[in-house]
Amino acid sequence: MALLPDLGRPPEIPASAMATAMALLETGRLHRYGEVAGTGGLVAQLERAFARLMGRSYAVAVNSCGAALFLALRAAGVRPGDPVLMNAFTLGPVPGALDHAGARPVLVEITPDLTIDLDDLRAKAKASDARVLMLSHMRGHLCDLRALSALCCELGVSVIEDCAHTLGASWDGQQAGTFGLAGCFSFQSGKHVNTGEGGMLVTDDPDIAAQAILHSGSYMLYGQNGTVPPAEVMERWRGRCGNYSLRMSELVAALALPQLPLLSARVADWNASHDHIAARLAQAEGFLLPHRPKAESYAQSSLQFRLPGWPLEQMRAFVQAARAAGVWVKWFGSELPEGYSSNPAQWHGAQAAEVPRACQIQATLCDIRLPLGLSPQECDAVADTLIATASATRKAHHAPA
Ligand SMILES: *Cc1c(COP(=O)(O)O)cnc(C)c1O
């Protein structure tokens, strides 16, 4: 049997990125803005390249996806105390962005396929009068984005997309991050572009872009940004947006730029590993994999599965045994938030009682990260370990006393 791979291995930094970063370090000009003559403008280049990649007018580079989500909420007009809808399957930085903006989260149910429940969205939007939906494409699962867009249009709700797991994914041929008012991306090491930390906000709306640029901390040097709204729009917002110091540094852009052209090869690599392991698990007793609709083209750097009907004790035993066997399984049902998984009961300001079904689904939901470059043998070794561990755990818990 092949050795188990290190599932935590981040995407490689290409040699060209290291060379650009070293050359930049020699200049010492790491801040994105230059007061006198402007700098090398790597962040500006990245903004232009990213806007082009997404087919949107504006890209604003910041220091994390969480910062981009916060800026999007601010720019969309969310003020302290305002209700904001959010699907109840996401990562801590998403409710964190609402908290940062002072918004009151209104949790929306999810389906067994881990996407937002549109019926519950309609009901919660009407009951709360919320004007904004923070839609997290958590772990890369896309809802029917055409149906969602039509519904939100009908309800008068603006959509902010959390695309931390969907760079390179699309619905019905249209890229995730281009359906809503703004799309927010992460360059954290576990995501599709690895710069350690980093984020990007894309939008077609010049007022959203202007506010995001000014709030991110442009020192009125926004003429050096890669994509800048017309002067009259910038004039409208100048002096009305506090400087929150959320900028991206030149060093981060140096690392990100050479990774953009690698994206489609990375997505193919991730999906091959994902589909291989998913197919194995789907055939094994007890495992339930989310259904992936035809219209969805995913970029799956992680894999989710459920063990429906398993009690908490048995879930906990499975997770511990899988880790001991060398596969780092994460679980969304644990009482305490742990690593990169958490659930509605653990988000500041959120009411888990609003989403009993989401809590029930997440109680038996597990997750593994997928590094790039897994061989078919390594994929089999991961699947074999999960299947054998589940089988042994089931026997141990069902065994007569
Ligand atoms: C990683 C992640 C974020 C936040 O990204 P940062 O760049 O670390 O702030 C937001 N949403 C989801 C679903 C994520 O996985």
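Scanning the range 380-392 for residues that are part of a loop (DSSP other than H, G, I, E, B) and outside the structural domain of residue 115 (by TED's automatic domain parsing) turns up nothing.
Quick check: is even one residue across the range 35-56 more than 21 Å from residue 266 (Cα to Cα), of a type in the set (Lys, Arg), crowded, with 16+ Cβ neighbours inside 10 Å and at pLDDT 95 or above?
Among the residues of the range 35-56, at least one is more than 21 Å from residue 266 (Cα to Cα), of a type in the set (Lys, Arg), crowded, with 16+ Cβ neighbours inside 10 Å and at pLDDT 95 or above, which makes the answer yes.
Selection of the range 174-209 for residues being surrounded by 24 or more Cβ atoms within 10 Å (Cβ to Cβ) and away from the ligand (no atom under 14 Å from the Cβ) yields 180, 202, 203, 208, 209. Kindly indicate whether any position in the range 123-130 is touching a residue at least 12 places away in the same chain (Cβ under 8 Å), within 16 Å of the ligand (Cβ to nearest atom) and not basic (Lys, Arg). No, the range 123-130 contains no residue that is touching a residue at least 12 places away in the same chain (Cβ under 8 Å), within 16 Å of the ligand (Cβ to nearest atom) and not basic (Lys, Arg). Right, residue 93: away from the ligand (no atom under 14 Å from the Cβ) and in the same structural domain as residue 123 (by TED's automatic domain parsing) or not? Judged against the criteria, residue 93 is not a match. Looking only at residues in the range 161-171 that are in a strand (DSSP E or B) and surrounded by 22 or more Cβ atoms within 10 Å (Cβ to Cβ), the one that is nearest to the ligand (Cβ to nearest atom) is 162. Show the residue pairs that are 6+ apart or on different chains and have beta-carbon atoms under 6 Å apart, the first residue being within the range 371-390 and surrounded by 20 or more Cβ atoms within 10 Å (Cβ to Cβ), the second being of a type in the set (Ser, Thr, Tyr) and at pLDDT 95 or above. Correct list of pairs: 374/273; 379/273. Flag not set for residue 105, criterion: in contact (Cβ under 8 Å) with a residue 60 or more places away in the chain, in contact with a helix residue (DSSP H, G or I) (Cβ under 9 Å, 6 or more places away or on another chain) and surrounded by fewer than 17 Cβ atoms within 10 Å (Cβ to Cβ).
Every condition in (1) over 26 Å from residue 145 (Cα atoms); (2) outside any loop (DSSP other than H, G, I, E, B) is met by residue 336 except one, and the failing one is (2). Selection of the range 304-341 for residues being within 23 Å of residue 270 (Cβ to Cβ), of a type outside the set (A, V, I, L, M, F, W, C) and in contact (Cβ under 8 Å) with a residue 12 or more places away in the chain yields 304, 306, 326, 330, 340, 341.
The values are calculated or read from the model by the stated rules, or taken from the named source; none is laboratory data. Quick caveat: nothing in here was measured; it's all calculated off a predicted structure. Glycine also receives a Cβ, built like all others from the backbone with ideal geometry; neighbour counts cover every protein chain displayed.
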